[in-house]
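Everything below concerns the one structure shown next.
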Amino acid sequence: MSSWSHLKHPRQLYCRVANTFVPAIVTITTLTAAILIRGAISPIHLLLAILLGTATLYRALRPRTVYLVDYVCFTPSPNSRYPKATLLEHAHLSPWLDDSSVRFIDRVLQRSGMSEETHVPPLFLNVEPSCRLYEARAEAELVVFSMIDELLVKTCIDVLAIDILITNCTVFCPVPCITDSIMNRYKLRRDIRVINLSGMGCSAGVTAAGLARNMLRVMPRGSNALVVSTETTGPCYYWGNNHSMKLVNILFRMGGAAKLLSNSEAKARFRFEHVVRTIMAANNSAYRCVYQQEDEKGNLGTALSKDLMAIAGDTLKMNIAATARLVLPLSEIFKFFRFSVGKKVLYWKRMAPYIPNFHFAFEHFCIHVGGPAVIDSIQHGLNLSNKDVEPSRMTLHRFGNQSTASVWYQLAYIEAKGRLKEGNRVWMIGFGAGYECSTAGWVCIRPSSSVDGPWASCIHRYPVDVSKKN
Ligand SMILES: CC(C)(COP(=O)(O)OP(=O)(O)OC[C@H]1O[C@@H](n2cnc3c(N)ncnc32)[C@H](O)[C@@H]1OP(=O)(O)O)[C@@H](O)C(=O)NCCC(=O)NCCSC(=O)CC(=O)O
């Protein structure tokens, strides 16, 4: 297949010609005609010709607006349900875990804010889930392929119309990579742009969407990007007794989200407004606060530092400073600016911290489901109400920490509750290893007309009261 083979596709061919060649030909012809006959026409006509040419050229070359056509969240099978009692029983039966670890698992499970209905892959039904490569691959393929199948049906897109494929998965990075498995299964075109992100933690889903946006902004109109975000839980399993590393086994669950982005508005449900990334990896404690390592016995796992909440709060503050000027009205920007100058330039130590009111900019908030303490910390940091963080708490309750996909389950929750209206603005806030905070703003063009996806069978039971810790 040559690099032009996709142009055999009539829609692609039409878009390429309409977007690239027609504006260029119109511009060149107009300017040439104007120059050739400039003696015969008045200066005003010449000026108009130049203006028309410039406008046409600007329209052809300006960065394009990017849209979300639709998204799908992985719906786990009821067979993969993982009650807390199963995890605890396995901990009791495990020959490797000491009493302190079993007590720790029990205590954190009770305070995790999670229900009895979260999901894991079948290998977790073993007392010690030793994950081999084929099992990790099976988990990744189950989640990724079922989501893409559903997304293709939902959006009615031909696989040959996909121009960009981006996947993100932190821990499982096989050879060939997940993008190659997708290309192999769906027989995607050879000339598409393919990117596989790994090691980037739970903010990578927002990062991947931002990357797709940047690419679509400069591609021919009508280009499409498939972005697939997941985390495989099997390879994350930690066998040892280090509590900070054990937390991952307790909080993380199976999940994923697939999204179709496009630079054509046709069929789009959301407009992608902005993306802001704040990366704190230059700071040592931020760099170490989500850290893959081996414990003293050589067991591989990822340690979550007790400082994580404070670091997440600091990273969010920096992200807010960059996001505020993009989304807030001038009055709020001015108040925030006055606070920043007072605090940082004039050193007014007793000045009360000013938290911008983001309700001026967004109607809905999708905050990464790191754990109950992470959600509490962000709620406090942004001065949000319990209603604002309800999608986050309910997603944690129903599905656990699904890493990078969790913000999409929250969007699905808001839609399933019928709360998303045309013109509503959504703020997605992802946190992840690095330490990184990636935020994205979306405007709803068309809310979902039906309740489908992961909340379909249980939305009538939500919200539930999670304030009482058992
Ligand atoms: C773990 C919790 C559910 C515990 O709930 P509470 O805070 O209500 O209870 P608590 O403070 O009494 O803590 C219960 C016990 O857990 C211990 N504990 C808490 N955090 C710990 C940590 N990071 N390492 C080791 N132990 C820890 C406490 O010391 C206590 O032990 P003892 O009983 O011995 O006193 C909560 O603290 C929480 O949500 N933590 C955030 C988890 C987290 O880091 N999530 C981010 C995942 S990474 C992610 O999503 C993004 C990404 O990076 O990619």
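The values are calculated or read from the model by the stated rules, or taken from the named source; none is laboratory data. On a predicted model such as this, the values are computed, not experimentally measured, just so you know. As a convention, Cβ positions derive from the backbone with ideal geometry for all residues, glycine included, and neighbour counts pool all protein chains shown. Protein only, heavy atoms only, side chains kept; ligands, DNA and RNA dropped before computing areas. Shrake-Rupley method; radii C 1.70, N 1.55, O 1.52, S 1.80 Å.
Descriptive notes on the structure:
- Value of D in µm² per second that Stokes-Einstein yields for the stretch 301-430, Kirkwood Rh from Cα pairs, at 25 °C (0.890 mPa s): 155
- Value of [θ]222 nm, deg cm²/dmol, for the chain, DSSP H segments ≥ 4, -39500 (n - 2.57) each, nearest 500: -12500 deg cm²/dmol
- P(r) histogram, all alpha-carbon pairs of the stretch 402-470 included - 10 Å bins from 0, percent: 17, 41, 34, 8, 0
- A Cα-only calculation for the stretch 146-282 places Rg and Dmax at 16.4, 53 Å.
- Of all complete DSSP H helices in the chain, those with a Cα span along the helix axis of 30 Å or greater and a mean Kyte-Doolittle hydropathy of -1.0 or more are 133-155.
- Distant-in-sequence amide contacts of Thr118, defined by a placed amide H-H separation under 5 Å and a gap of 5 or more residues or a different chain, comprise Tyr82.
- Each distinct pair of alpha carbons in the stretch 30-179 adds a 1/r term; the inverse of their mean, the Kirkwood radius, is 21.6 Å.
- Difference of contour (0.36 nm per residue) and Cα-Cα distance, Ala85 to Lys421: 117.0 nm
- Accessible-area value, Arg271, 1.4 Å probe, nucleic acids and ligands omitted, Å²: 80
- Asn214 paired with Ala456, simple spin-label distance in nm, labels 7 Å along Cα-to-beta-carbon: 3.6
- Considering only the chain, percent of DSSP beta bridges that pair antiparallel, nearest 5: 75
- Gap separating the Cα centres of the stretch 196-249 and the stretch 276-321, nearest whole Å: 16
- Fraction of accessible area attributable to carbon and sulfur, the chain (%, probe 1.4 Å): 60
- Size descriptors for the stretch 235-295, from the alpha-carbon set: Rg then Dmax equal 18.4, 53 Å.
- Fraction in percent of alpha-carbon pairs per bin - 10 Å, the chain: 4, 19, 28, 24, 14, 7, 3, 1, 0, 0
- In terms of the mean number of neighbouring beta-carbon atoms within 10 Å, the peptides 169-175, 63-69, 381-387, 214-220 order highest first as 63-69, 169-175, 214-220, 381-387.
- Signed unit charges on C-beta, dipole axis of the chain, positive-most listed residue Thr230, Ser94, Leu211: Leu211
- Among Lys246, Lys154, the sequence by solvent-accessible area, most first, with a 1.4 Å probe is Lys154, Lys246.
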